[in-house]
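Every read-out reported here was derived from the displayed coordinates using simple, explicitly stated rules and does not represent laboratory data. Just so we're clear, the structure is a prediction, and the values are computed from it rather than from any experiment. Counting neighbours? That spans all protein chains shown, and the Cβs are built from the backbone with ideal geometry, glycine included.
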Amino acid sequence: MYRKLLILLQKYWIVKKALGTLKKNTILIDSSLRGGRVRVNGKNNDISIAEGNYKRIKIGIDGDNNRVIVSKETYMRNVEIIVQGDNHLVEIGDGVEIGGANIVCCGAKSKIIIGEGSLLASGIDMKSCDGHSIYQDGKVINNSRDIIIEKHTWIAQDVTILKGVILKSGSVVGMRSLLTSGEFEADSIIAGFPARVLKKGIQWGKERTI
């Protein structure tokens with residue numbers, strides 16, 4: 001009963017600061033967001049946060065027809081999700097753990113997906129666009145691109161992931177690496193600035209190092 005009351009109060013104070021928000025958008029929060037904040041400026045946006053363990057989570061949307069989906073049994077601390085523009089998708093799968101991240105989905109119709117069971121340390125930066133346009137012969141040459149993190153991927157501290165990166169399942173990314181673009185194969189160790197594959201055919205688990 002207390003938990004349900006806390007979630008209802010949270011919806012009122014966090015989400016409904018702008019009285020028109022719920023009339024133009026769909027916002028479903030099934031868990032307590034301790035120290036969290038949700039801000040929506042636009043219409044036809046969909047935010048769905050399943051039951052999990054959350055603390056200091058900030059979500060901000062400026063645009064229309066965007067979706068932010070956080071699936072069940074997720075653990076998130078110090079995470080900021082920013083959506084700028086229209087028709088974007090941010091999706092975080094079941095059982096994902098994030099110690100701290102800035103996730104920016106921007107540009108035109110891009111998506112950032114973090115697959116189920118993935119483990120992200122703190123200081124992670126992801127951005128699906130460059131922030132400003134670069135033109136050549138009157139045409140934009142730096143369009144936004146998707147970021148796809150497949151299931152059971154381990155990303156260490158202070159990693160930067162830029163637009164166009166695809167991390168296949170079971171991979172490990174070393175601390176302070178920079179992933180600029182391209183597809184990185186499954187079950188591999190990836191590290192460097194810029195990052196490259198260092199070892200193939202590995203597996204990893206959450207057990208502490210022996």
Cys in the chain lacking any partner Cβ under 4.7 Å -> 105
Cα-centred dipole magnitude for the chain, charges only on beta-carbon of K, R (+1) and D, E (-1), debye, nearest 20: 760 debye
From the cross-link list 24/168; 139/199; 111/199; 127/206; 127/200; 55/111, the entries with a Cα-Cα span beyond 32 Å are 24/168; 139/199
If r is the Cβ-Cβ distance from residue 141 to residue 209 and R0 is 45 Å, what FRET efficiency results, to the nearest 0.05? 0.55
Residue 55 paired with residue 169, simple spin-label distance in nm, labels 7 Å along Cα-to-beta-carbon: 3.1 nm
Nearest 500 deg cm²/dmol is fine: what mean residue ellipticity at 222 nm does the chain get from its DSSP H runs of n ≥ 4 alone, each adding -39,500 (n - 2.57), divided by its residue count? -1500 deg cm²/dmol
Kirkwood estimate for the chain, i.e. one over the average of 1/r between Cα atoms, Å: 17.7 Å
Calculate the FRET efficiency for residue 94 and residue 193 from the Cβ-Cβ distance with a Förster distance of 30 Å, rounded to the nearest 0.05. 0.45
Checking segment 68-100 for GluC sites (Glu not before Pro) in a loop per DSSP with at most 15 other beta-carbon atoms within 10 Å yields 73
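Of all GluC sites (Glu not before Pro) in segment 111-210, which ones are in loop regions per DSSP and have a Cβ with at most 10 other Cβ atoms within 10 Å?
207
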Skipping prolines and chain starts, which residues have an amide H placed within reach, meaning under 5 Å, of the one on residue 144, given they are 5 or more residues away or on another chain? 108
